[in-house]
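Engineer: Structure incoming, see below.
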């Protein structure tokens, strides 16, 4: 499903060189609900950007469903992101010019496969509890509702992996709990792989795996005594 | 609807200020072209119209070397049997000295153009008689119509005054006649006989000692577009005469050449104005792209290709161009309609000859539409260059 081999990312040159990721390797199986944790600046978002093909690694390989994504060219990367990956961002990042329904439909329209798109989008919005908000402009709904729309948008193309970058980072505690439960139930229901980057460990108590990023290196688990280096 | 077009539309219509600014830029660019056309082409066409109506007709027939010695009747009848011809009239020109006594003071003027006309035929072929603002047009052998400037130069000649006219005849002898002023001619814009005196053609023939001679024939057509055809037919019909027949474009070319190049220059200035509106579109669209950086990053992240982003912003250029071209053309046509209906003129000068040049109107609209699209290319290209991960960091 997802295999990462010797992944490194170095920013800057010469004396200003910063190693954001240092020889990281691990794999994630289909249907796993994985948490990537780490302190601020540890490299966890960099890792997520690499997996999401939003940034290029300095070294190493990333295989998703058997495809070496580090060799793909720009247009192929876009298509790959569109079809195989779903994104949930910290600030939901909905397009304010579109309605809730149109936001959810957008990845499907980009893919150009409109067949049952509207029905699927409505089903997803029902599943996240927003079927009564579909015609509202995206900037007219609350932060929690926007994050639910972002989840629906991330799932519309039935991606292999859903990547969430601090999905509760901008929400209050109650709403965060709701969003986490929603993601878990969607993951179970649709059998999708979820990779979530967060420093909000408390809301994600029951997950399949935890990977800790520390100083650019990856460790299995999040208890220092049990941590196993992933390299 | 195609999602890229819908997004382009929404992004643009949700930024009403930018949309209005960009549309205004296109509208003003088109309006400048329309106003230039109405004023300068209208002025040009008005001058052509007046030269045609007052002096040259649609076709002007002269003799290459001398006076025309064929009878008025034969030439006029020849022309008037052609269905396209409305009327034809003979004219004879000379130069005269004039004097009159006004308030006990003798005033003399020299080198005044003198035109002899046939009062019955001239009113059908020319509109000079309509410029007689006081009194009546030439109606008898001893009546004279003075141009308003000639009347002024003669100390304020009025209808009913007596004027002495001296013409040198073909043998070099002075021929003097006394005329009664029957009217004063004043044309809007001064293209008529404001600097000329008009007498009966037979009187002038007598004075010049040229019985039966004619200087020119002015031919007015019911369909001016047939001028060339009629002219050619005339020349072919009189192969053994030294006739020179010219359409209005040919006979007035000397007077119009400078004006024509002036219009070309003004049009060029108009097109430069349109180019500057394209720069305004570039600026406004750059602002739109900057304002949507985060959204562009999100779209790229969820799978939009660079070409999708390019198309969205080019669609915006097309929307701006289409609305701007539509509004600009509508406003321009409104101005043209107003100018035409009110017979627009400036400072009581000659009324503009306003026409709807549909070819030019469509060409201007299409050019501005194309320019708006071209102007959107650079901002669109810049939008495609944004990296998703960096674009999404923009707040």
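Engineer: Out of the DSSP beta bridges found with both residues in the protein assembly as shown, what percent are antiparallel (nearest 5)? Provide the component values of the computation, followed by the final result.
Structural biologist: Details: 64 of 90 bridges.
For the protein assembly as shown, the DSSP antiparallel bridge percentage is about 70.
Engineer: Still on this structure: Report the Rg/Rh value for segment B:1-86, based on alpha-carbon coordinates and the Kirkwood definition of Rh.
Structural biologist: Numbers: Rg = 27.8 Å, Rh = 18.9 Å.
Rg/Rh: 1.47.
Engineer: Taking every residue in A:49-61, how many Cβ atoms of other protein chains lie within 10 Å of its Cβ, on average?
Structural biologist: Values: counts 4, 0, 0, 3, 3, 8, 4, 0, 0, 0, 0, 0, 0.
That average works out to 2.
Engineer: Sorted from largest to smallest, which semi-axis lengths in Å does the alpha carbon gyration tensor of chain B give for its equivalent ellipsoid, taking the root of 5 times each eigenvalue? Write out the running numbers ahead of the final one.
Structural biologist: Values: eigenvalues 834, 102, 43 Å².
Equivalent ellipsoid of chain B: 65, 23, 15 Å, largest first.
Engineer: Moving to a separate point now. Among DSSP bridges having both ends in chain A, what percentage is antiparallel? Round to the nearest 5.
Structural biologist: On the way: 22 of 39 bridges.
Antiparallel: roughly 55 percent of the beta bridges in chain A.
Engineer: Percent of Cα-Cα pairs more than 41 Å apart in the protein assembly as shown, please.
Structural biologist: Details: 104718 of 195625 pairs.
That fraction is 54 percent.
Engineer: Right, something else. For the protein assembly as shown, what is the mean residue ellipticity at 222 nm derived from helices alone (per DSSP H run of n ≥ 4: -39500 (n - 2.57); sum divided by total residues; nearest 500 deg cm²/dmol)?
Structural biologist: Mean residue ellipticity, 222 nm, calculated: -14000 deg cm²/dmol.
Engineer: Another one. Taking only the alpha-carbon atoms of segment A:2-230, what semi-axes of the equivalent ellipsoid follow from 5 times the gyration tensor eigenvalues under a square root, in whole Å, largest first? Before the final figure, lay out each step's value.
Structural biologist: On the way: eigenvalues 173, 82, 51 Å².
They are 29, 20, 16 Å, listed largest first.
Engineer: Rounded to the nearest 10 degrees, what's the angle between the helix B:3-13 long axis and the longest principal axis of chain B, both from Cα atoms, 0 to 90?
Structural biologist: 70 degrees
Engineer: Same structure again: Can you tell me the 0 to 90 degree angle between the C-alpha axis of helix A:143-155 and the longest principal axis of chain A, rounded to 10?
Structural biologist: The angle comes out at about 80 degrees.
Engineer: Would you mind giving the mean number of other chain beta-carbons within 10 Å of the Cβ of each residue in A:81-94, as a whole number? Present the calculation step by step, with values, prior to reporting the outcome.
Structural biologist: On the way: counts 6, 5, 1, 1, 3, 1, 6, 0, 5, 1, 4, 1, 8, 2.
Mean shielding by partner chains, rounded to a whole number: 3.
Engineer: Quick one: angle between helix A:74-84 and the longest Cα principal axis of chain A, in degrees between 0 and 90, rounded to 10, please.
Structural biologist: Result, in degrees: 70.
Engineer: What is the order of B:15, B:105, fewest Cβ neighbours within 10 Å to most?
Structural biologist: Working: B:15 19, B:105 8.
By the 10 Å Cβ count, ascending: B:105, B:15.
Engineer: Next question, about the same structure. Among A:168, A:175, which comes first, second and so on when ranked by fewest other beta-carbon atoms within 10 Å? Each step should come with its number before you reach the end.
Structural biologist: On the way: A:168 25, A:175 17.
Placing the least packed residue first, the sequence is A:175, A:168.
Engineer: Another question, then. How crowded by other chains is B:4-12, given as the mean number of beta carbons from other chains within 10 Å of each beta carbon? Could you put the intermediate results ahead of the total?
Structural biologist: Numbers: counts 2, 0, 4, 6, 1, 1, 7, 4, 1.
Mean shielding by partner chains, rounded to a whole number: 3.
Every number in this text was worked out from the coordinates using simple rules, so none of it is lab data. Predicted model, so just to flag it, every value in this text is computed and none were measured. As a convention, Cβ positions derive from the backbone with ideal geometry for all residues, glycine included, and neighbour counts pool all protein chains shown.
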